[in-house]
1. Each residue of the range 150-166 in turn: what ³J(HN,Hα) in whole Hz from Karplus with 6.51, -1.76, 1.60 and θ = phi - 60°, glycine and Pro shown as x?
2. Dividing the Cα radius of gyration by the Kirkwood radius, what Rg/Rh value follows for the range 1-57?
3. Using θ = phi - 60° and the Karplus form 6.51 cos²θ - 1.76 cosθ + 1.60, what ³J(HN,Hα) does each residue of the range 127-142 get, whole Hz, x for Gly and Pro?
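Every read-out reported here was derived from the displayed coordinates using simple, explicitly stated rules and does not represent laboratory data. In this text, all values refer to a predicted model and were calculated from it rather than measured experimentally.
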Amino acid sequence: MTIFDWLTLAGLCFLGASSPGPSLAVMIEQTLKGGREQGAIAAVAHGAGVGVYAVLAALGLAVIVQQTPWLFNGLRWLGALFLLFLAYKSFTAPMAFGEGEVHNVTSRQGVVTGFLTAFLNPKLAIFFLAVYTQFITPETTILQKLGMAGVSAAVDALWYLLVVGMLSQPSVIKRLKLHAIKMQRFFAVFLVLVAIRVVVN
């Protein structure tokens, strides 16, 4: 692969990561509940979850998910249930703001939430399968495929780390604090709607 190919791949991964969806909502919620450190943990864990699908797609295993409806549907239902669980937690757990206030989430919760938000989204496998077919040839080595997966995971994690960094600024926190309850309810409703959409589609 040329430098242009690597940059193109990174650009496509960035477009996929930055598109609004449940992952963004979860990263925002984790940051608001536990501060910058919690958001960063969730962001890196989400990148790791993305990396799992990226590796599978690069090695061709994503085709199995695409051609095995029961496996895809099973993951889809698990993902929907997980989103409903997150919606319940968002609706019931109070938010905390900033480093000086009580944190209502743990580092372990950030890892689990971030990773599962990505891992229980089988559409990621299809996304990477579609993207990688533009770059992988019979001459592509295993090392290059793993490098592609690494770029995909890194771009995802870096994007959400940027989101976390912006959200954890004191001026932003101050504004969000005024509307904490409304935002918490909004995230809960949004996750429920996404879960319904996942099941219906």
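1. With the stated coefficients, the range 150-166 comes to x, 4, 4, 5, 5, 4, 4, 4, 5, 4, 6, 5, 5, 4, 4, x, 5 Hz.
2. 1.07
3. Here the 3J(HN,Hα) series is 4, 5, 4, 5, 5, 5, 5, 7, 10, 7, 10, x, 8, 5, 7, 4 Hz.
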